Amino acid sequence: MSQESDRPGDEQPAEGADQEKVSAAARLFDVRRVIGGLFVVYGLIVTLLGLFDDSADIDKAQGVRINLWMGLAMLALGGFFLLWLRLSPTEVPATEADPEADAGPRKAAGT
Amino acid sequence: METLAAEALRLDLDVIDYLILAIYFATVLGVGFAARRAIRTSADFFLSGRSMPAWVTGLAFVSANLGALEIIGMAANGAQYGLMTLHYYWIGAVPAMVFLGIVMMPFYYGSKVRSVPEFLRLRFNRPTHLFNALSFATAQVLIAGVNLYALALVLDALLGWPLWVSIVIGAAIVLTYIGIGGLSSAIYNEVLQFFVILAGLIPITIVGLVKVGGIDGLFAAVRDSDLGDAALHTWQGTASSANPLGANWIGIVFGLGFVLSFGYWTTNFAEVQRALSAKNMSAARRTPIIGAFPKLLIPAVTVIPGLIAIVTVKGLGADEGDYVYNNAIPLLMRDLLPNGVLGVAVTGLIASFMAGMAANVSGFNTVFTYDIWQTYIRRDRSDEYYLRIGRVATVGGIIIGIGTAFIAAGFSNIMNYIQALFSLFNAPLFATFIVGMFWKRMTAWAGFWSLLLGTASSLTLYLLYLADAVTFNSDLEESFWGAGLAFVTAVVVAVAVTLITESKPDDELRGLVYGLGGPTTSGEVILAGDKVWWRNPVLLGGIAVALAFLLYIPVW
């Protein structure tokens with residue numbers, strides 16, 4: 001962050017310090033697990049409901065078994081996220097880091 | 001559905017629907033608590049430690065804009081104006097999002113600023129910074145209040161919950177997950193909300209289209225309706241103002257497509273903050289561009305349902321009561337969705353209100369802590385101190401938001417109130433930014449005066465309009481002229497003041513101004529994309545803009 005220092009009168013309070021501490025702490029659990037989990041649960045609930053929809057429900061949805069189809073779709077979406085997490089686990093592959101554009105004080109990002 | 005109860009809008013939620021809603025609340029709070037473990041520093045809290053991958057920030061970027069006000073409002077516009085509503089997406093959003101990613105993001109991200117006001121401090125001076133920080137913080141709590149109030153209105157209409165119960169519960173949940181988990185929590189929940197709201201809107205669209213006989217059936221029905229054939233075109237009638245939107249092509253291209261849209265997307269910190277949390281320059285630049293792709297397609301689940309509503313819901317378009325245009329989506333939910341997907345749709349709607357408010361609150365607490373407290377009130381304290389201030393600011397912002405929710409209750413049309421706020425704050429800011437970024441001679445005081453007088457000019461016009469001293473055909477027309485006036489005033493003042501004051505030396509402007517490369521914004525870095533072609537922001541942005549043009553062709 002060399003260009004920071006040559007700005008007289010515009011001190012950047014604690015900038016350097018907080019940048020350095022960043023990467024060590026920024027280890028989050030993966031959002032894909034949250035999305036995947038929620039949609040698998042929603043998918044199961046709605047699919048089960050869709051299997052037992054009575055004719056009133058189906059009539060309301062213009063004859064479309066919307067609970068069944070949306071349930072299966074949500075199940076598929078949830079499964080996709082969980083599968084993606086499985087196939088490429090939380091640590092980001094090295095290709096994702098961009099050394100030139102990212103030439104800041106922090107280390108290459110690790111999610 | 002037998003809805004001849006007291007209110008026509010009341011939905012029949014059963015225990016499963018409430019279970020779906022409860023699971024969502026539990027997940028949101030769980031995300032907040034889990035995100036807390038990752039927060040050690042103020043940068044973790046306010047910027048997610050600048051660690052997010054591009055697809056996450058990109059979806060959060062579009063999601064922060066996909067508040068329920070937007071969804072409900074765009075469906076209402078679809079029902080009222082027809083396909084011309086598409087302009088809000090294809091010319092009124094996508095080009096500005098791409099411009100932000102390709103041209104402006106290198107300055108924002110490369111200068112390592114933590115907020116939009118902070119950029120103004122580096123480029124101009126402290127007065128400019130303070131003015132913008134204060135006006136932004138004020139606007140954010142006002143808009144947070146509007147979101148909260150609108151959430152309460154919808155819950156009252158759909159579920160029969162009293163207003164104050166919804167306001168307190170909504171505020172408490174947002175407070176818990178942002179106060180604890182910071183921006184990471186807000187962003188994760190925005191990504192989650194993006195999928196939940198789509199899962200709620202898609203069945204409305206599918207079932208609605210089946211009901212009207214597909215797209216062809218829908219268009220035929222619209223042609224036979226009061227809207228008529230004009231509602232099925234976007235550009236055809238724009239040589240004059242004699243079209244559903246009442247705007248000619250100049251107004252659409254320059255007013256909506258340039259001043260309003262660029263002002264909103266490129267300088268609104270509640271949006272830009274999502275990109276600043278990305279893990280590197282490439283991801284930051286791709287953030288708004290990745291967001292542009294869903295933005296291209298979202299009208300399929302907002303504008304199309306609006307049209308479905310106008311041809312299937314009898315009486316829609318009333319001046320007041322349950323059948324106002326704004327209720328297009330809730331009325332379709334009532335008519336078309338069985339329990340189960342109904343619960344998902346209600347959850348999506350509530351989620352998007354909370355996400356809208358969360359975006360405002362997380363923008364507010366960052367600007368308050370870094371730009372007001374740390375810069376002007378208590379400098380040089382420990383990072384833990386500012387982290388604590390950030391949490392206090394979150395609580396304060398939400399409490400003020402509850403207060404402003406009751407102010408918003410006093411306005412008859414909250415959408416117009418929001419539009420007025422945007423034309424007041426964003427248009428002059430965009431003008432100051434764009435001149436300052438591309439003209440290195442623009443001086444520090446030119447920044448201050450152009451921002452101040454630009455804001456003052458549109459505020460004056462708005463007040464004159466309210467006082468009936470000036471008349472416009474519609475509130476929309478006022479916000480267009482207000483934004484245009486603010487933009488022109490800000491540019492003229494910027495040039496005039498620059499001529500009589502002294503410019504900053506080049507060295508102070510490195511990395512902040514086009515043509516003066518700093519270590520992170522040299523021409524090479526800006527122009528060169530990522531190593532693999534599918535991560536190249538220029539290419540991705542070009543594809544997004546080309547798609548926007550192509551999508552217009554069948555409905556020109």
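Here, each number is a calculation from the coordinates, and none is a lab measurement. Note that this is a predicted model, so its numbers are computed, not measured. As a convention, Cβ positions derive from the backbone with ideal geometry for all residues, glycine included, and neighbour counts pool all protein chains shown.
Quick look at the numbers
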| read-out | value |
| --- | --- |
| Zone residues, the range B:265-279, relative to B:THR138, backbone N less than 19 Å from point 7 Å out along Cα-to-Cβ | B:268-270 |
| Average Cα contact separation per residue, the range B:296-416, under 8 Å, 6 or more apart, as relative contact order % | 15 |
| Proxy reagent accessibility, fewest Cβ within 10 Å first, across B:GLU508, B:GLU478 | B:GLU508, B:GLU478 |
| Mean projected area (nm²) of the alpha-carbon convex hull when chain B is viewed from all directions | 24.5 |
| Simple Cβ-charge dipole of the range A:31-87, Lys/Arg +1 and Asp/Glu -1, about Cα centre, in debye nearest 20 | 440 |
| For a label point 7 Å along the Cα-to-beta-carbon line of B:GLN236, residues of the range B:44-85 with backbone N under 15 Å | B:82-85 |
| Positive-end residue of A:MET70, A:PHE39, A:PHE81, charge dipole of the range A:31-87 with Cβ unit charges | A:PHE81 |
| Modelled FRET efficiency - R0 30 Å, B:GLU384 with B:ASP507, Cβ distances, 0.05 increments | 0.35 |
| Neighbour net charge for B:ILE289 - beta-carbon separation under 11 angstrom, K R +1, D E -1 | +4 |
| Proxy reagent accessibility, fewest Cβ within 10 Å first, across B:TYR188, B:TYR89 | B:TYR89, B:TYR188 |
| Under 12 Å, Cβ to Cβ, from B:VAL98 - net charge with Lys/Arg +1 and Asp/Glu -1 | +3 |
| Neighbouring partner chain Cβ atoms per residue of B:332-343, average, 10 Å criterion | 6 |
| Simple Cβ-charge dipole of chain B, Lys/Arg +1 and Asp/Glu -1, about Cα centre, in debye nearest 20 | 2140 |
| Cβ crowding within 10 Å averaged over residues, with B:204-211, B:216-223, B:315-322 ranked highest first | B:204-211, B:216-223, B:315-322 |
| Average partner coverage of A:38-48, which counts Cβ from other chains inside 10 Å | 5 |
| Partner chain coverage, peptide B:30-43 - average Cβ within 10 angstrom | 4 |
| Kyte-Doolittle mean at least 0.0 and Cα axial length at least 30 Å: DSSP H helices in chain B | B:15-36, B:126-159, B:163-212, B:341-366, B:383-408, B:414-438, B:444-466, B:475-500 |
| Normalised contact order of the range A:31-87, rounded percent, pairs of Cα under 8 Å and 6 or more residues apart | 54 |
| Only Lys, Arg (+1) and Asp, Glu (-1) charged, at Cβ; the range B:262-320 dipole about Cα centre in debye | 440 |
| Flagged links, alpha-carbon separation over 25 Å, of B:LYS112/B:LYS440; B:LYS295/B:LYS440; B:LYS279/B:LYS504; A:LYS60/B:LYS314 | B:LYS295/B:LYS440; B:LYS279/B:LYS504 |
| Measure of compaction for the range A:31-87 (Cα Rg per 2.2 N^0.38 Å) | 1.27 |
